[in-house]
Amino acid sequence: MKKFLNNIRSAENPIPLNKQIINTICILFIGIILGIFSKLLDTMPTNELPFIFEFLDMRNFLGRFAIWLLIALSISIYSNSSIRASINVFVFFVGMVTSYYLYSKFVAGFFSRSYAMIWVTFTVISPILAFICWYARGKSKLAFMLSATILAVLFNTTFVHVGSYFEMRSILELITFLFAVVFLKRKAIKDTMIMLALSVGIAFALDFVVPFHFG
């Protein structure tokens, strides 16, 4: 199995244990800060938000999945191993989700149990998804298909498409999708374009088999 996985992506690069711990702690604190920041925006009156935040609808953007999927993807593929990707992404979501809902309950005075359970469930399964995503930067056909599938999920968080109806959610979601393309791009432009086209096809196919949208 190890040999098979290494054929999907190049071998893992070990780093000193103390550096691994420091990196993970930093990721935890980033998650905590972003969780608090997201809830802070959610509770601030609209007229107190900076104009650019209001114009870009930053509050609702942070309440949707796209940006968090992108952050998780970037943590995964730039971790030095698949195991480290699992740990780092899990720690990030633990920090983000915990700080968000602690702020909600004890500062904002509002706690949505049903919505919280969605994020808790996502946090629990995030290590598995991160482990898989780490291999997307490999050179094999399987890694190529994995990258296209990841982009397909992000495509569906960026665009709403039902039948002949097609609309972009927001410019921020589009930017998020483009960053994901950059993160997963192949060495040849032609291969990147094929991957992108394939991801669109997969995205439309997912609409028929996955009833839940991450928008």
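The values are calculated or read from the model by the stated rules, or taken from the named source; none is laboratory data. This structure is a prediction, so every number in the text was calculated from the model and none was measured. In this analysis, Cβ positions are derived from the backbone assuming ideal geometry, glycine residues included, and neighbour counts consider all displayed protein chains. Side chains are part of the model used for accessible areas, which takes the heavy atoms of the whole protein and leaves out ligands, DNA and RNA. Shrake-Rupley method; radii C 1.70, N 1.55, O 1.52, S 1.80 Å.
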For the pair residue 43/residue 188, report the inter-label distance in nm, with labels modelled 7 Å from Cα in the Cβ direction.
5.4 nm
Can you pull the percent of region 16-103's accessible area that's carbon plus sulfur, 1.4 Å probe, other chains left in place?
74 percent
Taking only pairs that are 8 or more places apart or on different chains, how many Lys pairs in the chain have Cα atoms under 22 angstrom apart?
11
Report, in debye and to the nearest 20, how large the dipole of the chain comes out about its Cα centre when Lys and Arg carry +1 and Asp and Glu carry -1 on their Cβ.
940 debye
Highest mean first, how do 170-176, 53-59, 104-110 rank when packing is the count of other Cβ atoms within 10 Å averaged over residues?
170-176, 53-59, 104-110
Set the Förster radius R0 to 30 Å, insert the Cβ-Cβ distance between residue 160 and residue 78 as r into 1/(1 + (r/R0)^6), and round the FRET efficiency to 0.05.
0.50
Probe 1.4 Å, protein heavy atoms only - accessible area per residue of region 92-214 in square angstrom
56 Å²
Most positive-pole-ward Cα, 168, 156, 126, against dipole of the chain from beta carbon charges:
126
Based on the mean of other Cβ atoms within 10 Å per residue, sort peptides 42-48, 151-157 so the most packed one is first.
151-157, 42-48
Specify the residue with the greatest mean-square fluctuation among 162, 200, 120, computed from a Gaussian network of the chain linking alpha-carbon atoms under 10 Å apart.
162
Determine the calculated [θ] at 222 nm for the chain from helices alone, applying -39500 (n - 2.57) to every DSSP H run no shorter than 4 residues and normalising by the residue count; nearest 500 deg cm²/dmol.
-23500 deg cm²/dmol
Distance between Cα centroids, region 40-93 to region 95-161: provide it in whole Å.
10 Å
Over region 1-131: Rg over Rh, Cα atoms, Kirkwood Rh
1.05
